[in-house]
Amino acid sequence: MSNMWSSQYQEKLKTADVAAKVVKSGDVVFLGEFVQNVEAMDNALAARKNELKDVIIVTTTRAKALKCVEADKDRSVFTWDDWHFSGLGRKYSEQGLVNYIPFTYHQGPEIIAKYNKVDVVCLQVTPMDETGFFNFSTSNSIGYAYCQKAVKVIVEVNTSIPRCLGGASEGIHISEVDMIIEGSNCPLIQLPAAPVTETDKEIAKYVMDLIEDGSTIQLGIGGLPNVVGSMIAKSDLKDIGVHTEMLADSYVEMYEAGRITGKKKNIDKGKMVYTFAMGSKKLYDFMHNNPVCASYPVNYTNDPRIIGLNDKVVAINNALEVDLFSQVASESNGSRQISGTGGQLDFIMGAFNSRGGKGLICISSTYKDKDGTVHSRIVPTFSSGTIVTCPRSITHYVITEFGCAQMKGKSTWQRAESLIEIAHPDFREEMIKQADRLNIWRRSTKLAG
């Protein structure tokens, strides 16, 4: 390591308590993204609860409880704003302890640059390398945009996290850093494997029919994407490419099976492009210093114009409900915020831009409520307060275990007819009546007769 960088490191190295002193009442503080959970700085801010007021803490999909928020459950000092809810965010929202920030994901860095005040940023990073760079590890979506806007930039070093190659903006140089904290070196949170249902397997069969040799894929989170990944790994598909928002364990399985080569991509040929990763230790070990993985900020990975530059993009996402107008609700149940817009809208639009591309919304046809009552996920209209994630003008394909429906170029009644055909049979007759009541369509002899 250069003596110059080593000297700067020692000059900027502070305890978390000292670093937390830069935060003043009224400040906006960004504390990182996804599984890169800033901890030492969080604990030091919690200890300052009686010295501060009106501090806004901002995160992206925080996976571990914020000590400063837990220390201030009456919200008299710290207000927590999150760009996307995890299970933790959902739980805290129900307690009135966190606010959701709505946005279209690929616009995040530009929104920060144009509109967001940020006083202090603290991001978890790998140890500094011999050239003076810290690496953002698994999370590179909007962190660097915050660093460019912040008054003070603090990094919290964690020796147990992978060094993830770019791409672009995957790290920050010591010359751009004001303070360095050496953290507790906790391993990254590992996501448990999502349970897989028979319904997931049936839906995955329809998805597989739409994937071709040379397709570039984007998988969301959950049981269905895991099934699709396993099916691809066991298939004879060739030269699959990856351009995704989230890198997950299923990509490792596909790569190790020889399905992923990226040879047919038009951009980032041979690279698995992503903006953040969440998964198991197997995934994190795979990513460490692996040049096949390319980390980019989200204004690159999720830009529909960039996504569409590759051919045969297949974007696979899930939802909570689809209504007979073909609107998609993926983030709220009524006014209850479940997750966020995330990259769904970006990738549905990007896949449509792609030559031969397909943007898929995959849902089970039904679900059971806490009382065991079965409800349809294809509904006449959404309940009051439900947020539309994907407007009907953007929706491309909808898939359930009963089939695949393509929406583009169809009239309102044709869309409703196609959706009813893939709804659960127990609900189809009632939905035909509701479609008529809503004047969505002219009566079709195909379904009415």
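The values are calculated or read from the model by the stated rules, or taken from the named source; none is laboratory data. Fair warning: this is a prediction, and the values are worked out from it, not measured in the lab. Heads up, the Cβs are rebuilt from the backbone with ideal geometry, glycines too, and the neighbour counts pull from every protein chain shown.
A few notes on this one:
- Every pair of residues 6+ apart whose Cβ atoms lie under 6 Å, when the first sits in the range 409-422 and is touching a residue at least 12 places away in the same chain (Cβ under 8 Å) while the second is surrounded by 17 or more Cβ atoms within 10 Å (Cβ to Cβ) and of a type in the set (Ser, Thr, Tyr): 415/326; 422/400
- Test: residue in the range 126-142 that is part of a strand (DSSP E or B) and in contact with a helix residue (DSSP H, G or I) (Cβ under 9 Å, 6 or more places away or on another chain): yes
- Selection of the range 159-201 for residues being part of a loop (DSSP other than H, G, I, E, B), in contact (Cβ under 8 Å) with a residue 40 or more places away in the chain and under 13 Å from residue 39 (Cβ atoms) yields 161, 183, 184, 186, 187, 188, 189.
- In the range 314-344, the residue that is farthest from residue 381 (Cα to Cα) out of those that are touching a His at 6+ places or on another chain (Cβ under 7 Å) and crowded, with 22+ Cβ neighbours inside 10 Å is 342.
- Subset tally (residues that are of a type outside the set (Lys, Arg) and closer than 16 Å to residue 325 by Cα) for the range 366-388: 11
- Under the condition of being small (Gly, Ala, Ser), buried (at least 21 other Cβ atoms within 10 Å of the Cβ) and at positive phi, the residues counted in the range 252-278 number 1.
- Residue list for the range 223-239, filter: in a loop (DSSP other than H, G, I, E, B) and touching a helix residue (DSSP H, G or I) at 6+ places or on another chain (Cβ under 8 Å): 235
- Set 72, 17: member being in contact with a helix residue (DSSP H, G or I) (Cβ under 8 Å, 6 or more places away or on another chain), in a loop (DSSP other than H, G, I, E, B) and among the acidic types (Asp, Glu): 72
- Subset tally (residues that are over 23 Å from residue 202 (Cβ atoms) and surrounded by 15 or more Cβ atoms within 10 Å (Cβ to Cβ)) for the range 411-432: 4
- Taken over the range 246-292, residues that are over 19 Å from the mean Cα position of the chain (by Cα) and among the aliphatic types (A, V, I, L, M) amount to 5.
- Unique match (being β-branched (Val, Ile, Thr), buried (at least 20 other Cβ atoms within 10 Å of the Cβ) and touching a helix residue (DSSP H, G or I) at 6+ places or on another chain (Cβ under 7 Å)) among 155, 98: 98
- Of everything in the range 20-59 that is closer than 25 Å to residue 130 by Cα and part of a loop (DSSP other than H, G, I, E, B), the residue that is nearest to the chain's Cα centre (by Cα) is 36.
- Cross-chain or 6+ apart pairs with Cβ under 6 Å, the range 114-130 first and assigned by TED's automatic domain parsing to the domain that holds residue 156 and free of Cβ contacts under 8 Å to residues at least 60 places away in the same chain, then surrounded by 15 or more Cβ atoms within 10 Å (Cβ to Cβ) and among the hydroxyl-bearing types (Ser, Thr, Tyr): 126/137
- Filter pass, residue 139 being touching a residue at least 60 places away in the same chain (Cβ under 8 Å) and among the hydroxyl-bearing types (Ser, Thr, Tyr): yes
- For the range 53-89, taking the residues that are touching a Cys at 6+ places or on another chain (Cβ under 9 Å) and without any contact (Cβ under 8 Å) to a residue 60 or more places away in the chain, the one that is nearest to residue 341 (Cα to Cα) is identified as 80.
- Condition check for residue 383: at pLDDT 95 or above, closer than 22 Å to residue 85 by Cα, of a type outside the set (A, V, I, L, M, F, W, C) and surrounded by fewer than 24 Cβ atoms within 10 Å (Cβ to Cβ): yes
- Of the helices (runs of 4 or more DSSP H) lying entirely inside the range 254-330, the ones with 1 or more residues being of a type in the set (S, T, N, Q) are found at 298-301.
- If you go through the range 4-26 and keep only what is touching a Leu at 6+ places or on another chain (Cβ under 8 Å) and either hydrophobic (A, V, I, L, M, F, W, C) or buried (at least 17 other Cβ atoms within 10 Å of the Cβ) (or both), you end up with 20, 23.
- Strands (runs of 3 or more DSSP E) lying entirely in the range 352-449 (those with 1 or more residues that are farther than 30 Å from residue 212 by Cβ and out of contact with any Gly (no Cβ under 6 Å at 6 or more places or on another chain)): 366-368, 374-376
- Selection within the range 39-51: residues that are in contact with a helix residue (DSSP H, G or I) (Cβ under 8 Å, 6 or more places away or on another chain) and without any contact (Cβ under 8 Å) to a residue 60 or more places away in the chain. The member of this set that is surrounded by the most Cβ atoms within 10 Å (Cβ to Cβ) is 45.
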